[in-house]
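Report on one structure; see the data block that follows.
The values are calculated or read from the model by the stated rules, or taken from the named source; none is laboratory data. Because the structure is predicted, anything quoted here is derived from the model rather than measured. Backbone-built Cβ (ideal geometry, glycine too); neighbour counts: all protein chains shown. Side chains are part of the model used for accessible areas, which takes the heavy atoms of the whole protein and leaves out ligands, DNA and RNA. Shrake-Rupley method; radii C 1.70, N 1.55, O 1.52, S 1.80 Å.
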Amino acid sequence: MNNKALILPAETANISTMAKQLQAGDIAAIPTETVYGLAGDATNPAAVARIYTAKQRPARNPLIIHYASIDAMREDVYITPLAEKLAQAFWPGPLTLVLPQTPTCRISDLATAGLDTLAVRVPAHPVTQALLTACQRPLAAPSANRSGQLSPVSATQVAASLGDRIGFILDGGPCERGIESTILDVSGDIPHILRPGSITEAMLTFVIGPVQYGQAGVVDAPKAPGMLYRHYAPACPLRLSVDKPIPGETLIAFGPGPIPEGFASVLNLSPQGDLNEAAQHLFDYLYQCEQSGATRIAVMPIPSEGVGVAINERLHKAAEAVVA
Ligand code: TXA
Ligand code: MG
């Protein structure tokens, strides 16, 4: 593992030191309830440039901006009545809204890749909240992995991916949600889910009425530029909806069974068949497969309902990305 980065426990003193460093233009990995983020002052072009360089992220792929509260973002985005409703229902929490920028928007053009919209969210993790409040500025934070690698759900995973490229990792423990935020574009007339997550379509519909999927990442690719890029590609072939093994395969199982037999090893995302628990374990188990030197990964069918939609979206991308 690359070990230059210092892993700091998320104690009050470390949070305030980190806040000062972020104010000064440094970048650092921070916990959120979804996945770890690589944070920098979104109003500081030099800090934002450091994020892109560390991640080796294409400059055309804009970043999500994190705020302590909805009030903290009013200078930067137009909060439409629809957005107010969503914010009341889901913030702080794992929902990102794409909103029109205001003329007074303070966010660096580098972070928005020149778009006239901004992807914003108020994270629920108490450490992220404390940090945002202490540093008193919006933080740009993409997932804290090199482009094309798994989104990290623990400080150790951040260190494995970016440890030689950043100075500090604030350790807030394992991420509760384990999967990136739902992205909902509410900048136009019809709300569009650009990336499914643990705030499900049904939860959104309950609050604002019907939303469209827009086949995230295909039809709406120009709207969510990140979807144009290769996402996580596992280090070995990955098969989906598997019920029979290929010799040597590691099985990622789901539910109480029956679990197909004959696999080299088995990791069950949720023995009780709880999709939220499965989302929480997904990246962690894929990471464990990679670390254990698995040569092939097989995944059992996972129901495409609720957060299962997001789990399957990540798995399909991973399976497609494999260059066999
Ligand atoms: O849960 C999360 O959202 C995590 C944590 C750290 O907050 N962050 C995250 O960021 O997943 P990232 O950079 O890995 O994914 C951000 C996605 C990209 O697909 C990007 O293209 C999209 O958000 N995005 C950013 N700004 C956008 C905009 N103005 N319009 C549409 N999509 C946007
Ligand atoms: Mg990412």
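For this structure, a couple of remarks:
To keep it simple, each residue is scored yes or no on (1) out of contact with any Phe, Trp or Tyr (no Cβ under 7 Å at 6 or more places or on another chain); (2) modelled with pLDDT of 95 or more; (3) among the hydrophobic types (A, V, I, L, M, F, W, C).
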| position | (1), (2), (3) |
| --- | --- |
| Glu75 | yes, yes, no |
| Gln88 | yes, yes, no |
| Pro94 | yes, yes, no |
| Val98 | yes, yes, yes |
| Leu132 | no, yes, yes |
| Leu150 | no, no, yes |
| Leu162 | yes, yes, yes |
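- Filtering segment 1-43 to residues that are open to solvent by less than 10 Å² (accessible area, probe 1.4 Å) and not in a loop (DSSP other than H, G, I, E, B) leaves Met18, Ala19, Leu22, Ala28, Ala29, Ile30, Gly37, Leu38, Ala39, Gly40, Asp41.
- Identity of the residue in segment 281-323, acidic (Asp, Glu) and within 18 Å of the chain's Cα centre (by Cα), that ends up nearest to Glu176 (Cα to Cα): Asp284
- Considering segment 1-40, the residues that are away from ligand 2 (no atom under 16 Å from the Cβ) and within 17 Å of Ser147 (Cα to Cα) include one that is modelled with the highest pLDDT, namely Ala28.
- From the options Ala87, Ala54, Ala46, residue that is in a helix (DSSP H, G or I), within 16 Å of ligand 2 (Cβ to nearest atom), surrounded by fewer than 24 Cβ atoms within 10 Å (Cβ to Cβ) and of a type in the set (A, V, I, L, M): Ala54
- Count of residues meeting criterion [closer than 18 Å to Ser198 by Cβ and not in a loop (DSSP other than H, G, I, E, B)] in segment 130-146: 1
- Look at segment 65-84: where a residue is outside any helix (DSSP H, G or I) and a partner is basic (Lys, Arg), sitting 6+ places away or on another chain with Cβ atoms under 8 Å, you get Ile65/Arg121; His66/Arg121; Tyr67/Arg121; Glu75/Arg106; Asp76/Arg106.
- The lone exception for Gln149 - which of (1) outside any loop (DSSP other than H, G, I, E, B); (2) open to solvent by 10 Å² or more (accessible area, probe 1.4 Å) it fails: (1)
- Any pair with Cβ under 9 angstrom, 6 or more apart, that starts in segment 10-23 at a residue that is closer than 14 Å to Thr128 by Cα and ends at one that is among the basic types (Lys, Arg): Leu22/Arg137
- Across segment 90-100, the number of residues qualifying as part of a strand (DSSP E or B) and open to solvent by 40 Å² or more (accessible area, probe 1.4 Å) comes to 0.
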